[in-house]
Structure formats: structure tokens, C-alpha cells
Amino acid sequence: MNEFCDLHTHTIASDGSDTPTELIKKAKEVGLKAVAITDHDTLDGLKEGYEASKKYEVELVPGVELSLLAPRGNMHLLGYYIDQNSKELNDVLKSVQDARAKRNPKIVEKLNRLGLKITMEELEEMAQGGQIGRPHIARMMVEKGYVKSVSEAFDKYLKKDGPAYAPKSILKPKEAIEAIHAARGVAVLAHPISLDPNPLNLLDEFVSEWVGYGLDGIECYYSEHTPDFTEYCISLCKRFGLIITGGSDYHGKAKPHIMLGKGKGNLQIPYSLVDGIKERWQKLYG
Ligand code: AMP
Ligand code: ZN
Ligand code: FE
Ligand code: FE
């Protein structure tokens, strides 16, 4: 029997629109054996995730997605099976959360100056106590009729170096990988396409450097990866002795075109990749 999983999802603890319980229930409905909750810069969704995982009999892979200072494009690092009580990791999360909290009012101010009236209070209400991210701002812009879609909000205003962009990342790749390892986690480069690796061999150079810091794997299967790019990532994993992972980056309403476990429709992530992460964990810490 073919069994599937999704190793990259967001809940209301960051910028997804499902509660952890709703997410796990959905995972059950679409027939996934395991799902990872990988909220941006927070572990807050994991406790409820574990409870729902028991209730709905879907395996939870505890995770986190750290925002990094990218050498190019955007860089995110996934951490799996992290120890939620790690002081080192929680200190790093706190510093990134502080940077995020300082960044958001700057984006709102830029939008206000451009004539788009959005307040921090409205965003806080939408985020329900979770980490506020650009997808919340984009959803608010759609709700208010300033743009037609979340994608348009990013393209016209919120994308890197767009007219309402403000940076927030402060973590360097080495520090981020070390923080995941300090929490006895497995460190995986998220969606390498976002590094904008053009020409492709730029990715080889980046990965080679990060392997030197202890990088464990690459998210090869991803909603926005072409089959060729996925194959390229898999070949890098083989060359550098890294594990392969995959995920949809499901966000619910914040990315309405991405489906849990299925991405844009044709994503299929074999459950065997979860075994790969567990084996890596055993090698590192077992
Ligand atoms: P932030 O952490 O607040 O900088 O926001 C990052 C989030 O914005 C990630 O979840 C991205 O997937 C999402 N994002 C970035 N670019 C786009 C885009 N063009 N369309 C939709 N979502 C995007
Ligand atoms: Zn997100
Ligand atoms: Fe990401
Ligand atoms: Fe993500």
C-alpha cells in the first residue's frame, strides 16, 4: 500500500489559517499517514497538534521553519523532531519573533503612505495571537478590496524589495543550523527554488557551504518545484549525503491554490521520507 505524508505546513500559530486541530483533521480526511507542522519561527502549534494527532490517528512530525538572512532570494530552514524545551532554540526563536514584531509596523506604515489603510490592530485580530506574517497583510488587502488576490498583494507591494517591503531576517545559515542541532533536530533546507538559483550551480555552492555547517537534508518535493528541479535537488542530496524531504507549504486561506498533501494537485510525498528523517536523527543523536 502506498502511504503519503506532508512535511511542510502552517497553522494559525504563524500565517496559516487552520488551527492545528483543523489541519490534522484535514490530513486524516485526505488520507495522509503523517503531517509535519512547521510554523514560521514558533513552536506554539505543536502542543495542540500532538493532541489532535492522537485523536485523529495521524502521525505528527514536530517541526519549525526558521526565516534566515539569505545569500540570495529567500532562505528558510526546516527543523524536524526538535526538542521544544531547548533553551538555545527558544532564545533564537525569541530574537526572530522580536525582529518580526518590529518589521510588521514598518510594512503597515508603507502601505498607509501608499493609501492602503490597514492597521496593526486589524492584523492582530486576524492572527489570533499567532506570529503575524506578510500573508496576513496580503489577506487583509484582499478583504479590503485593495487587491484581487494574495498573489497580487505580494507582486505589487509585499515581495522582497517591493514598495511596501521591510526586511526582518537576522539569522545566518550557520547560526540557524546550529540552533536546530542544539535542539537535537534535523536541519533541512526548505524550498531551494526560493534562493533563486540561477544559474543552477549556484545551489551547489550554497549547499556545499551549508553541508560544512551540518545541513542534513533538502526539501526536494515542493509545490513550486518543477520535476526537473526536483530531480536536480535529489542529485544534490545523493552527492552530499543528505536526506530528501518534501512538503506542500500548505497555509489554508493564505495560499488558497496549495492543497494539503497535494500542492497544486500533483504532489505526492511518500511516507518513506519520514523514515529517512528518523534514521538521520538516530545517526545524529541515537
Ligand atoms: P514573512 O515570514 O512574513 O516574511 O512571510 C513569508 C511568507 O510569505 C511565506 O509563507 C511565503 O510562502 C509567503 N510568500 C512569499 N512570497 C509569496 C507570494 N508571492 N505569494 C504568496 N505567498 C508568498
Ligand atoms: Zn508562511
Ligand atoms: Fe518557507
Ligand atoms: Fe512554509
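Every read-out reported here was derived from the displayed coordinates using simple, explicitly stated rules and does not represent laboratory data. None of the values given here were measured: they were computed from a predicted structure. Cβ atoms come from the backbone with ideal geometry, glycine included; neighbour counts cover every protein chain shown.
Couple of notes before you dig in:
- Sites Glu3 and Glu209 - FRET efficiency at Förster radius 25 Å, r taken between beta-carbons, to 0.05: 0.10
- Cα gyration tensor shape for the range 65-218, rounded if a/c is under 1.5, else prolate or oblate: oblate
- Gyration tensor (alpha-carbon) shape descriptor, the range 1-134, a/c threshold 1.5: prolate
- The range 116-188: relative contact order in percent, alpha carbon pairs under 8 Å with at least 6 residues between: 15
- Here the range 125-164 and the range 210-234 have alpha carbon centers that stand 28 Å from each other.
- To the nearest ten degrees, helix 134-143 and the longest principal axis of the Cα atoms of the chain are 50 degrees apart.
- Applying both filters, DSSP loop and at most 16 other Cβ atoms within 10 Å, to the trypsin sites (Lys or Arg not before Pro) of the range 202-286 gives Lys264.
- With respect to the chain, whose longest principal axis is taken over its alpha-carbon atoms, helix 272-285 is tilted by about 80°.
- Filtered trypsin sites (Lys or Arg not before Pro), the range 141-230: DSSP coil and at most 16 other beta carbons within 10 Å: Lys144, Lys148, Lys159, Lys160, Arg184
- Taking only the Cα atoms of the range 147-277, the radius of gyration and Dmax are 15.9, 44 Å.
- For the chain, Cys5, Cys237 have no disulfide-compatible partner, since no other Cys C-beta lies under 4.7 Å from theirs.
- Mean residue ellipticity (222 nm) of the chain, computed from DSSP H runs ≥ 4 via -39,500 (n - 2.57), nearest 500: -13000 deg cm²/dmol
- Annotation for the range 71-134: trypsin sites (Lys or Arg not before Pro) lying in DSSP loop with at most 14 further Cβ atoms inside 10 Å of their Cβ are Arg72, Lys117.
- Shape category assigned to the range 124-168 from the gyration tensor of Cα positions, a/c cut at 1.5: oblate
- Note on Val30 and Glu51: the extension gain reaches 5.7 nm, defined as 0.36 nm multiplied by sequence separation minus the Cα-Cα distance.
- Angle between the chain longest axis and helix 87-113 axis [Cα atoms, degrees, rounded to 10]: 30
- Largest to smallest principal axis extent of the C-alpha atoms in the chain, angstrom: 53, 43, 39
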